[in-house]
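Working notes for the structure below.
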Amino acid sequence: MEKISHLGQTLTRWRVGQSTFLALPEIGARLMNWNITLGDGSVRDVIYWPETYEPADFYKIRGGNPILFPFNARCYDRGDIHFWRDAAGVRRVMPMHGLARQGEFKLTRLDAGGFAALFIPGAEAKACYPFDYEFTVTYRFESFGLTCEFALRNLGAVPLPWSAGHHFYFTVPWSEGSARGDYLLRLPATKRFKQDFTTGKLLPGPVLQTDEILSNPALIDTIHTGLRSNEVVFGEKGRPGDVVLRIGNAKVPPADATIVTWSGGEDAPFYCVEPWMGPPNAPEHKLGLHLVPPGETATFAVSITVK
């Protein structure tokens, strides 16, 4: 573990076995990059991060793993985007992807195996999500993998609503000369939705197979739920190096557990496979909305392994 200076920021770098991890825990608890040194000495990027970026727009950068808390993606209140309504009927603002990715965090653990960081709500967060709580993001790094766990502790007197998630930007393609059509995604979902970006409602999604090539345009912005397994696997057909993403430890995750598939244009150097606690706009339609009772702590854990 070491501190490095880059574009005016002080980053932390870990070398764990054959993996190198780069993060800026104090801003958004952001994992920026993960790469693996292969047996022939070449380096494979697993988590994508652009070589150059504007530090002023750090939270907007398409790369790494933005933390989505307390709610994923777009919230709506009665058709109005970027609002949500709490249990008492109070309408409040909620930015795209919530409050954590642009928020300040305080390190509570930093060692050779990873870090833990506590969210420090600013004025915006307190206005949008006015509860008494502690939200902690913990990363544990391994030679060919990582685990990230969210812990939400309710310090208040009312149930705490949340439906959080990850926005992993995976480097795809990762082999020279390959294209998205050479990569296969195995995603065992039984329900699929699209979100109506005008109203926020969930609409029926495309009919897809368990195994789909990543170049299938129907995968973009698709919400996959009803998962028959906690494992999602993608990789280059016929070659080693698959990425295995797991939600929790149970063989079958909760019914509302969600994977979202998304990317930029066809030539984007990344593909997002995003594990969420539930679909977007959970406070309104309640699908995937979880409540933490007063005095209790709830967790959401995801692990990624390269095989």
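The values are calculated or read from the model by the stated rules, or taken from the named source; none is laboratory data. Everything quoted here is computed from the prediction, not taken from an experiment. FYI the Cβ positions are ideal-geometry reconstructions off the backbone, even for glycines, and counts take in every protein chain you see.
Give the residue, chosen from D221, D267, D242, D256, that is loosely packed, with under 15 Cβ neighbours inside 10 Å and of a type outside the set (G, A, S). Lay out the reasoning, then the answer.
On the way: D221 fails: loosely packed, with under 15 Cβ neighbours inside 10 Å; D242 fails: loosely packed, with under 15 Cβ neighbours inside 10 Å; D256 fails: loosely packed, with under 15 Cβ neighbours inside 10 Å.
Sole residue among the options that is loosely packed, with under 15 Cβ neighbours inside 10 Å and of a type outside the set (G, A, S): D267.
In the stretch 190-216, what residues are in a loop (DSSP other than H, G, I, E, B), touching a Gly at 6+ places or on another chain (Cβ under 6 Å) and not β-branched (V, I, T)?
S215, the sole residue that qualifies.
Restricting attention to the stretch 113-125, does a residue exist that is under 20 Å from E149 (Cα atoms), among the aliphatic types (A, V, I, L, M), surrounded by 22 or more Cβ atoms within 10 Å (Cβ to Cβ) and in contact (Cβ under 8 Å) with a residue 40 or more places away in the chain? Steps first, please.
As a first pass, look at the stretch 113-125 and keep what is under 20 Å from E149 (Cα atoms): 113-121.
Filter once more, so that each one left must be among the aliphatic types (A, V, I, L, M): 116-118, 120.
Now drop any that are not surrounded by 22 or more Cβ atoms within 10 Å (Cβ to Cβ), which leaves 117.
In the following step, the residues that additionally are in contact (Cβ under 8 Å) with a residue 40 or more places away in the chain were identified as 117.
Yes: one or more hits.
Which of the residues that make up the stretch 1-29 are under 16 Å from G113 (Cα atoms) and touching a helix residue (DSSP H, G or I) at 6+ places or on another chain (Cβ under 8 Å)? Before the answer, list the steps.
Filtering the stretch 1-29 down to residues under 16 Å from G113 (Cα atoms) leaves 1-3, 11-25, 29.
Answer for the stretch 1-29, where residues must be under 16 Å from G113 (Cα atoms) and touching a helix residue (DSSP H, G or I) at 6+ places or on another chain (Cβ under 8 Å): just L24.
Please determine, by comparing only the residues of the stretch 161-196 that are more than 30 Å from A87 (Cβ to Cβ) and basic (K, R), which one is surrounded by the most Cβ atoms within 10 Å (Cβ to Cβ).
Residue satisfying both the conditions and the ranking: R180.
Being hydroxyl-bearing (S, T, Y) and surrounded by 15 or more Cβ atoms within 10 Å (Cβ to Cβ): is that true of S229 here?
Details: hydroxyl-bearing (S, T, Y): yes; surrounded by 15 or more Cβ atoms within 10 Å (Cβ to Cβ): yes.
Judged against the criteria, S229 is a match.
Looking only at residues that are of a type in the set (A, V, I, L, M, F, W, C) and not in a loop (DSSP other than H, G, I, E, B) in the stretch 256-287, which one is farthest from T210 (Cα to Cα)?
Initially, the stretch 256-287 is screened for residues of a type in the set (A, V, I, L, M, F, W, C), giving 257, 259-260, 262, 268, 270, 272-273, 276-277, 282, 287.
Okay, now just the ones that are also not in a loop (DSSP other than H, G, I, E, B), so 259-260, 262, 270, 272-273, 276, 282.
On the way: I259: 13, V260: 14, W262: 17, F270: 21, C272: 17, V273: 15, W276: 19, A282: 25 Å.
That would be A282.
Consider E236 carefully, then state whether it is within 30 Å of F83 (Cβ to Cβ), surrounded by fewer than 20 Cβ atoms within 10 Å (Cβ to Cβ) and in contact (Cβ under 8 Å) with a residue 12 or more places away in the chain.
Values: within 30 Å of F83 (Cβ to Cβ): no; surrounded by fewer than 20 Cβ atoms within 10 Å (Cβ to Cβ): yes; in contact (Cβ under 8 Å) with a residue 12 or more places away in the chain: yes.
No; evaluated as a whole, the condition is false for this residue.
What pairs come up if the first residue lies in the stretch 149-178 and is of a type in the set (K, R), the second is modelled with pLDDT of 95 or more and not in a strand (DSSP E or B), and their beta carbons are under 8 Å apart, counting only those six or more places apart or on different chains?
Taking only residues 6 or more apart or on different chains, the pairs are R153/E296.
Read through the list (1) surrounded by fewer than 12 Cβ atoms within 10 Å (Cβ to Cβ); (2) touching a residue at least 40 places away in the same chain (Cβ under 8 Å); (3) not hydroxyl-bearing (S, T, Y); (4) not in a loop (DSSP other than H, G, I, E, B), then give the number of the only condition that A87 fails.
That leaves (4) as the condition not met.
Where residues in the stretch 252-303 are among the aliphatic types (A, V, I, L, M) and farther than 23 Å from D242 by Cα, which of them is modelled with the lowest pLDDT? Walk me through it before giving the result.
Initially, the stretch 252-303 is screened for residues among the aliphatic types (A, V, I, L, M), giving 252, 255, 257, 259-260, 268, 273, 277, 282, 287, 289, 291-292, 298, 301-302.
Filter once more, keeping what is farther than 23 Å from D242 by Cα: 255, 277, 282, 287, 289, 291-292, 298.
Values: A255: 93, M277: 98, A282: 98, L287: 97, L289: 98, L291: 98, V292: 98, A298: 98.
The qualifying residue modelled with the lowest pLDDT is A255.
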